[in-house]
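First up is the structure itself, then whatever we jot down about it.
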Amino acid sequence: MRKTPNRNTVTPADAHLWRAVAASARPLKRKRGRSPLPRADLSAGTEKEKIAAPATLPPRPPKTAPKPARNLSAPSLSTLHPGAAPGVDRHTAASLRRGELPIDATLDLHGYTQAEAHTALIVAIARARAAGHRCMLVVTGKGGREGAVPPGGGRYTEARTTGVLRANAPRWLNELPLRAHVLAFANASPRHGGAGALYVLIRRVREARAR
C-alpha cells in the first residue's frame, strides 16, 4: 500500500525555493506626502485624557480685595448763609428774603431741647420735601435775657434754649442730611418772627436729579 506524503513536511526543495524568494524581496516604496502613523503612547492614557488633564495645576486666584465702603456723603455743596441763595434765580431769592413766598409748612421749636429740635427739623424738612412743599417757616425764638426771671422760673431757661437753637439752626441746615434738602434760607420778616425765625427754601426732587 502506497503512503500518502505528509503536507506539513518541508522538503529540501521547498526550503531552497523559500530562500530564493526571500532573497529577491524588496521593501515597498512609501507614497509622498504621507507620514508614518505615530505609535500610540499607552503609558499616559489616551490623547483626550492628556488634553483634559494639564501637566501642572493652575495658580490659585488672588484673594478678592475688600470692597471700599460706600461713600455716604452728599456731593460737594456750597455753604449757605442767611439771605444768600447760590443757584437760585434772582426773583425767587428776592421773594425769599422779603417773605413773599407762600409758606407751605411751619415748624415751631419753642420748648424743644437742642437734640429734640435738631431731630424735629430733620423730620419736618424731609416730610415737607416729600410732600412737594417749597417754603417752610422755622421758628427758633430769639433767645437772650430779655424779660428773664430769676433762676427758679422757667422763662429764663427757655430763653437760653431758644438762643442756642437760633445759633445752631443755620449750622444744621448746612450739615447732612438737611443740606441735601435745602436750597437756601433767610431771616424771616418781622411779621413772621423776625430774627427768631427762618424761611427755608426746600429743594424739589427734579432739582436734585438735575444736579
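The values are calculated or read from the model by the stated rules, or taken from the named source; none is laboratory data. Source: prediction; values computed, not measured. Positions of Cβ are backbone-derived with ideal geometry, glycine not excepted, and every protein chain shown enters the neighbour counts.
Quick check on this structure: which one of Ala93, Ala105, Ala128 is buried (at least 16 other Cβ atoms within 10 Å of the Cβ) and within 29 Å of the chain's Cα centre (by Cα)?
Within the list Ala93, Ala105, Ala128, the selection yields Ala128.
Answer with yes or no whether Ala210 is surrounded by fewer than 18 Cβ atoms within 10 Å (Cβ to Cβ), over 22 Å from Ala94 (Cα atoms), small (Gly, Ala, Ser) and modelled with pLDDT of 90 or more. Quick ask: steps written out before the conclusion?
Numbers: surrounded by fewer than 18 Cβ atoms within 10 Å (Cβ to Cβ): yes; over 22 Å from Ala94 (Cα atoms): yes; small (Gly, Ala, Ser): yes; modelled with pLDDT of 90 or more: no.
It is false that Ala210 is surrounded by fewer than 18 Cβ atoms within 10 Å (Cβ to Cβ), over 22 Å from Ala94 (Cα atoms), small (Gly, Ala, Ser) and modelled with pLDDT of 90 or more.
With the condition kept exactly as written, say whether any residue in the range 135-145 is more than 24 Å from Gly83 (Cβ to Cβ), surrounded by fewer than 19 Cβ atoms within 10 Å (Cβ to Cβ), among the small types (Gly, Ala, Ser) and at pLDDT below 95. Can you show your working first?
Here is the first cut: in the range 135-145, the ones more than 24 Å from Gly83 (Cβ to Cβ) are 145.
Filter once more, so that each one left must be surrounded by fewer than 19 Cβ atoms within 10 Å (Cβ to Cβ): 145.
Restricting the remaining residues to those that are among the small types (Gly, Ala, Ser) gives none.
Among the residues of the range 135-145, not one is more than 24 Å from Gly83 (Cβ to Cβ), surrounded by fewer than 19 Cβ atoms within 10 Å (Cβ to Cβ), among the small types (Gly, Ala, Ser) and at pLDDT below 95, which makes the answer no.
What pairs come out if I take residues in the range 109-132 that are hydroxyl-bearing (Ser, Thr, Tyr) and modelled with pLDDT of 95 or more and pair them with residues that are surrounded by fewer than 19 Cβ atoms within 10 Å (Cβ to Cβ) and assigned to a loop (DSSP other than H, G, I, E, B) whose C-beta lies under 7 Å away, six or more apart or interchain?
Qualifying pairs under 7 Å: none.
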